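A.B. asks: The structure that follows is given in the form of structure tokens.
What follows is calculated from the coordinates using simple rules that are stated; it is not laboratory data. Keep in mind the model is a prediction, meaning the values are calculated, not measured. Counting neighbours? That spans all protein chains shown, and the Cβs are built from the backbone with ideal geometry, glycine included.
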Amino acid sequence: MADMQRVIYFIQRPHGMVTPDAFEIREERVPRLTGDKDVLVETVYASVDPYMRGRLSAGKSYTAPFAVGQPMAGAMVGRVADGGRSSLTAGEWVFGSWPWAEYAVLPETSLRRLDPSLPPTTALHVLGLTGLTAYVGLTKFGRPQAGERLVVSGSAGSVGSLTVQIGRLLGLAVYGIAGSDDKCQWLEQQMGVHKAFNYRAADFADALAAGLQEGVDIYFDNVGGAVTDEVLRHLNPHARIVICGQIALYNQDKPAQHRPLFSDLLISRAQATGFIVGEHQEEFPKALKRLQSWYRLGQLHAEESIAVGFDQWINAFLGLFAGANRGKAIVQIKDA
Ligand SMILES: NC(=O)c1ccc[n+]([C@@H]2O[C@H](COP(=O)([O-])OP(=O)(O)OC[C@H]3O[C@@H](n4cnc5c(N)ncnc54)[C@H](OP(=O)(O)O)[C@@H]3O)[C@@H](O)[C@H]2O)c1
């Protein structure tokens, strides 16, 4: 094992669109085991997530900002390099949260051993927080009834591509919104979406109006902004809006003008609920059982965009805001 490793530090808060200047790659010594139940883990797969952009800013949010001058951190899947005196042995796959680095030393209690019968990356999406976000958001806050019409924004992304499939499995008529014709075609041909709309197309508003003539019963919103403004024109009476994410706003410095949501809610007697998946842990066991069963039966497809190499880490994160990924964005740091 090497003595030195690379670590990605967060060095300055971005204003507007995040750029590579926010980060710096440094060489450091690989950390050593110190505590009794410490484990040395080698990072193999790293999750890059839109919420991390929120943590780069100092403003009010639902998670604390990252501290400037500290390493970035997030969800990872890795292999135990040295289990020390813990119950983990070298080579075992584990899930946890640690710095954007090639190695990390962590207490055993902060790691979860992975089921070897499942691909390790599934812990970062379909059988992890992404899948739970899609399932809990749609079932608890969307309150779906078979036959209803579901619209999902950001539907070719990680949460979105699972939400459209879960919607279909629950008997909903599913409509998707994504940022390219290729993604829309994939949604219709592979993900069981009835009709997908490209929000970058010049005729987006007209196409949406034509395609949603029977209205929207559930809107699962991953993006907010101008896309959401258009969807809100088509709410059915007693529609439910599940506010999962607002990625279109994460890189905006100044608030933009949007449709008056309260008027839309009043006119449609609709309900809009923001939720953060981590606050609904009581739902997780049942949700994971269902997700795992659908996944093992081949009914839930887990799409991944894997960027290979440590030097792709920052780009893969920035790519989230340019639509570079289809399904879950992951960086592969070491050979699996
Ligand atoms: N509430 C929760 O607990 C929770 C948990 C996880 C994630 N989230 C939120 O859920 C959303 C999706 O997260 P994810 O992890 O699944 O990421 P993701 O959708 O896989 O990746 C981001 C995608 O968002 C789209 N996008 C980027 N900038 C956009 C813009 N300005 N306008 C419209 N679309 C844009 C891009 O697709 P296109 O090519 O289609 O533009 C991009 O591929 C995010 O807003 C995230 O913050 C919430």
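A.B. asks: For D229, D206, D3, what ranking results if the residue with the fewest other Cβ atoms within 10 Å of its Cβ goes first? Spell out each step's value before the answer.
C.D. replies: On the way: D229 16, D206 11, D3 7.
Starting with the residue having the fewest Cβ neighbours, the order is D3, D206, D229.
A.B. asks: Moving to a separate point now. Could you list L288, L124, L172 so that the one with the fewest beta carbons within 10 Å of its beta carbon is first and the one with the most is last? Don't skip to the answer; put the middle values down first.
C.D. replies: Working: L288 15, L124 27, L172 24.
With the fewest neighbours first, L288, L124, L172 line up as L288, L172, L124.
A.B. asks: Give me the compactness ratio for the stretch 129-279, meaning the Cα radius of gyration over 2.2 N^0.38 Å. If you can, show how the numbers build up before the last one.
C.D. replies: Details: Rg = 14.0 Å, N = 151, 2.2 N^0.38 = 14.8 Å.
Normalised Rg, Cα atoms only: 0.94.
A.B. asks: With 31 Å as the limit, write out which pairs from K254/K289; K140/K328; K195/K334 have Cα-Cα distances beyond it, or answer none. Intermediate values should be presented prior to the final figure.
C.D. replies: Details: K254/K289 42 Å; K140/K328 23 Å; K195/K334 38 Å.
Among K254/K289; K140/K328; K195/K334, the Cα-Cα distance tops 31 Å for K254/K289; K195/K334.
A.B. asks: Only loop residues by DSSP count here, and only those with at most 11 other Cβ atoms within 10 Å; note down the trypsin sites (Lys or Arg not before Pro) in the stretch 25-69 that meet that.
C.D. replies: Numbers: sites: R26, R29, R32, K37, R53, R55, K60; in loops: R32, K37, K60.
In loop regions of the stretch 25-69 (DSSP not H, G, I, E or B), the sparsely surrounded trypsin sites (Lys or Arg not before Pro) are R32, K60.
A.B. asks: Another question, if that's okay. Residue by residue through the stretch 140-156, which ³J(HN,Hα) values in whole Hz follow from phi under the Karplus form 6.51 cos²θ - 1.76 cosθ + 1.60 (θ = phi - 60°), with glycine and proline marked x?
C.D. replies: Values per residue, Gly and Pro as x: 7, 9, x, 6, x, 10, 3, x, 6, 9, 10, 10, 10, 8, x, 7, 9 Hz.
A.B. asks: Per DSSP H run of n ≥ 4, the term is -39500 (n - 2.57); total these for the chain, divide by its residue number, and report the mean residue ellipticity at 222 nm rounded to 500 deg cm²/dmol. Numbers along the way, then the final one.
C.D. replies: On the way: 10 runs with 83 residues, N = 336.
Rounded to the nearest 500, the figure is -6500 deg cm²/dmol.
A.B. asks: Could I ask something else about it? Working out 0.36 nm times the residue gap between T109 and E24, then minus their Cα-Cα distance, what length gain in nm do you get to one decimal? Can you show the working numbers first?
C.D. replies: Values: separation 85, 0.36 × 85 = 30.60 nm, distance 2.97 nm.
Contour length minus Cα-Cα distance gives 27.6 nm.
A.B. asks: log10 I(q)/I(0), Debye, Cα-only the chain, no solvent, q = 0.06, 0.09, 0.15 Å⁻¹?
C.D. replies: -0.22, -0.49, -1.27
A.B. asks: Moving to a separate point now. Ignoring solvent entirely, what values of log10 I(q)/I(0) come out of the Debye formula for the stretch 236-320 at 0.11 Å⁻¹ when each Cα is a single scatterer?
C.D. replies: For the requested q values the scattering log ratios are -0.61.
A.B. asks: Got a sec to turn the phi values of the stretch 283-290 into Karplus ³J(HN,Hα) couplings, 6.51 cos²θ - 1.76 cosθ + 1.60 with θ = phi - 60°, whole Hz, x for Gly and Pro?
C.D. replies: Listing the rounded values in order: 7, 5, x, 5, 5, 5, 4, 5 Hz.
A.B. asks: Can you give the charge dipole size of the chain about its Cα centre, rounded to the nearest 20 debye, using +1 on the beta carbon of Lys and Arg and -1 on the beta carbon of Asp and Glu? Walk me through the numbers on the way to the answer.
C.D. replies: On the way: 32 positive and 34 negative charges, 142 e Å.
For this selection, approximately 680 debye.
A.B. asks: Under a Cβ-only charge scheme (Lys and Arg +1, Asp and Glu -1), can you give me the dipole magnitude of the stretch 99-158 about the Cα centre, in debye to the nearest 20? Write down the numbers at each step before the final one.
C.D. replies: Working: 5 positive and 4 negative charges, 60 e Å.
My answer is approximately 280 debye.
A.B. asks: Give the residue list of trypsin sites (Lys or Arg not before Pro) in the stretch 157-217 that are DSSP loop and have at most 14 other beta-carbon atoms within 10 angstrom.
C.D. replies: Working: sites: R168, K183, K195, R200; in loops: R200.
Hits after loop and neighbour filter: R200.
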